[in-house]
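All remarks here apply to the structure that follows.
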Amino acid sequence: MRSVALPDGTKVPALGQGTWKLGEGERPARQEAAALRLGIELGLTLIDTAEMYGDGASEEVVAAAIAGLRDRVYLVTKAYPQNASRTGLPAACIRSLRRLKTDVIDLYLLHWRGGVPLAETVAAFEKLKAEGKIRQWGVSNLDQDDMEELLAVPGGGACTTNQVLYNPEYRGIEFDLLPWSETRLPLMAYSPVGQGGRLLRSPALRAVATRHGVTPAQVAIAWSLRHPGVISIPKSGSIDHVRENAAAAGLKLTPEDLAEIDRAYPPPRRKVALAML
């Protein structure tokens, strides 16, 4: 499994596991936890969750999955923007720690920007880090202008990653945010196979998949991994999905493949608003 280096030198797998919708009854929670555990065994040791997902239920599924395996997992969770204040963030962090049944969060993210000043959120993150409750912190759904503002506040340069929506349908970050980030910090791509299965029905992705004898989902994941500074976190809700996702790490798309995807989903030629789900 290829790894990506974080700004502090920590190496994490380029392909991890997302948990959006886990714990919400789509499948029995024990099956979802078993899928995540299989992912860990297959090298997908970065697991991303959030307090928003199922009002904490996803974090509880993750806790069951990593029981006895905590030292092998790079654990990421996210806080609501309304909880990102000097007093709100520590309280939210403690709740997440309890649901995750762990003493420390490896990477704690601001889920999206809200009304709390970034300087206040950074100060709260840094205090949590000093107290040993988190190892690193980062953000999610911030565009380039937000990131520039973040890095300008005291302590903002400690930001570890920015988690954003990125797949062939939503590739606006390639115009500015992605090249800007390349020399500063890695990006984490959520929903790399799209929402609602649209990309799985894409004629272009299906054509590429047929050439390689793989699935459209694997093509979409490999497409997101073609950038060395991008970490991809597809949802891992079932055993079959986890095996499919893990196999995508070894898929190398050809220039012909990429050109076909570009024709169906052209790269941006101008600045577009940051897309988010």
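Of the residues making up segment 209-221, just one is exposed (fewer than 15 other Cβ atoms within 10 Å of the Cβ) and among the hydroxyl-bearing types (Ser, Thr, Tyr), namely THR210. Checked against (1) buried (at least 18 other Cβ atoms within 10 Å of the Cβ); (2) in contact with a Ser or Thr (Cβ under 8 Å, 6 or more places away or on another chain); (3) not small (Gly, Ala, Ser), GLU60 meets all criteria but (2). Suppose the filter is closer than 30 Å to ARG263 by Cα and under 20 Å from the mean Cα position of the chain (by Cα); does LEU150 pass it? Here the answer is no, as LEU150 does not meet what is asked.
Of all residues assigned to segment 29-40, at least one qualifies as being surrounded by fewer than 16 Cβ atoms within 10 Å (Cβ to Cβ) and either touching a residue at least 60 places away in the same chain (Cβ under 8 Å) or under 18 Å from GLY138 (Cβ atoms) (or both).
Any residue at all in segment 112-124 that's hydroxyl-bearing (Ser, Thr, Tyr) and either under 23 Å from LYS235 (Cα atoms) or in a loop (DSSP other than H, G, I, E, B) (or both)? Among the residues of segment 112-124, not one is hydroxyl-bearing (Ser, Thr, Tyr) and either under 23 Å from LYS235 (Cα atoms) or in a loop (DSSP other than H, G, I, E, B) (or both), which makes the answer no. In segment 23-110, counting only strands (runs of 3 or more DSSP E) that sit wholly within it, the ones holding 1 or more residues that are within 16 Å of LYS129 (Cβ to Cβ) span 74-79, 105-110.
Just one residue in the set GLU244, GLU256, GLU260 is under 30 Å from VAL61 (Cβ atoms), of a type outside the set (Gly, Ala, Ser) and part of a helix (DSSP H, G or I); that residue is GLU244.
For (1) surrounded by 22 or more Cβ atoms within 10 Å (Cβ to Cβ); (2) within 19 Å of SER3 (Cβ to Cβ); (3) touching a Leu at 6+ places or on another chain (Cβ under 7 Å); (4) modelled with pLDDT of 95 or more, each residue gets a yes or a no:
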residue: ASP145; (1), (2), (3), (4): no, no, no, yes
residue: ALA158; (1), (2), (3), (4): no, no, no, yes
residue: ASN162; (1), (2), (3), (4): yes, yes, yes, yes
residue: ASN167; (1), (2), (3), (4): yes, no, yes, yes
residue: PHE175; (1), (2), (3), (4): no, no, no, yes
residue: ARG184; (1), (2), (3), (4): no, yes, no, yes
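Among the residues of segment 167-213, the one identified as in contact with a helix residue (DSSP H, G or I) (Cβ under 6 Å, 6 or more places away or on another chain) and among the aromatic types (Phe, Trp, Tyr) is TRP180. Taking segment 191-208 as the range and being buried (at least 16 other Cβ atoms within 10 Å of the Cβ), under 16 Å from the mean Cα position of the chain (by Cα) and over 11 Å from VAL230 (Cβ atoms) as the test, the residues that pass are SER191, VAL193, GLY194.
Against the test of being in contact (Cβ under 8 Å) with a residue 24 or more places away in the chain, over 17 Å from LYS78 (Cα atoms) and either of a type in the set (A, V, I, L, M, F, W, C) or surrounded by fewer than 16 Cβ atoms within 10 Å (Cβ to Cβ) (or both), the options LEU151, LEU107 yield a single qualifying residue, LEU151. Note on segment 181-215: among residues that are of a type in the set (D, E, K, R) and part of a helix (DSSP H, G or I), the one that is farthest from LYS21 (Cα to Cα) is ARG211. Hey, can you tell me all the residues within segment 125-166 that are in a helix (DSSP H, G or I) and farther than 17 Å from THR183 by Cα? Of everything in segment 125-166, those that are in a helix (DSSP H, G or I) and farther than 17 Å from THR183 by Cα turn out to be PHE125, GLU126, LYS127, LEU128, LYS129, ALA130.
The values are calculated or read from the model by the stated rules, or taken from the named source; none is laboratory data. If you're wondering where the values come from, they're calculated on a predicted model, not measured in any experiment. Neighbour counts run over all protein chains shown; Cβ positions are idealised from the backbone, glycine included.
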